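Remarks on the structure that follows.
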Amino acid sequence: MATYVMSDIHGNLDVFKRMLIEINFKYDGSDTLYLLGDYVDWGPKSLETLLFVKELSEKYDFVIPLIGNHDLMFLEQIQNPYHQDTSWLYANGGFVTYESFNNLRRREQLEVEEFLDSLPYIVTINVGDKKYLAAHACPV
């Protein structure tokens, strides 16, 4: 039984899938995978990565995704597409993510929005007799 924590996949779906193979992640419930956010932006398969994470978390209760700052910027954009802050679209690599999202059917868009909106910011991870608090954050 192993506990894995990953973060900042940023649209690198193929690398993420290879990593799951490399660590020999077990889908029988004996392993747990915590994903600490930033599934979208920068990489070549941004929206596909998010949809894969969504699929894993819906299928397996031992895959626990959190929201990252890029995911949050994406969520804010889709919830309010007319807001004036374009920094996510251009400076943070969100343009391709947003274009891909706009190509989805409306029902799929709503599912993506609902999924992102449901993601927690923090989680407590129990490993043996130790507890860890995990989040997609940077101490300041």
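At-a-glance table
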read-out: The range 57-70 residues that are under 15 Å from W88 (Cα atoms), paired with ones that are in a helix (DSSP H, G or I) (beta carbon under 8 Å, 6 or more apart); value: H70/W88
read-out: Top-ranked residue in the range 128-140 [being touching a strand residue (DSSP E or B) at 6+ places or on another chain (Cβ under 7 Å) and of a type outside the set (F, W, Y); ranked as surrounded by the most Cβ atoms within 10 Å (Cβ to Cβ)]; value: A134
read-out: Counted residues, the range 112-136 - those being under 15 Å from E55 (Cα atoms) and touching a residue at least 40 places away in the same chain (Cβ under 8 Å); value: 4
read-out: Of all residues making up the range 7-42, the number that are closer than 14 Å to G94 by Cβ and either in contact (Cβ under 8 Å) with a residue 60 or more places away in the chain or surrounded by fewer than 21 Cβ atoms within 10 Å (Cβ to Cβ) (or both); value: 4
read-out: Residues (among the hydroxyl-bearing types (S, T, Y), more than 14 Å from I67 (Cβ to Cβ) and open to solvent by 90 Å² or more (accessible area, probe 1.4 Å)) located in the range 79-127; value: Y82, Y90
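Residues checked against (1) at pLDDT 95 or above; (2) under 13 Å from the mean Cα position of the chain (by Cα):
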site	(1), (2)
M19	yes, no
L36	yes, yes
E48	yes, yes
V63	yes, yes
N69	no, yes
F74	no, yes
T86	no, no
L104	yes, no
R107	yes, no
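The values are calculated or read from the model by the stated rules, or taken from the named source; none is laboratory data. A quick note: this is a predicted structure, and the numbers were derived from the prediction, not measured. Counting neighbours? That spans all protein chains shown, and the Cβs are built from the backbone with ideal geometry, glycine included. Areas reflect the complete protein model, heavy atoms only, side chains present, ligands, DNA and RNA absent. Shrake-Rupley method; radii C 1.70, N 1.55, O 1.52, S 1.80 Å.
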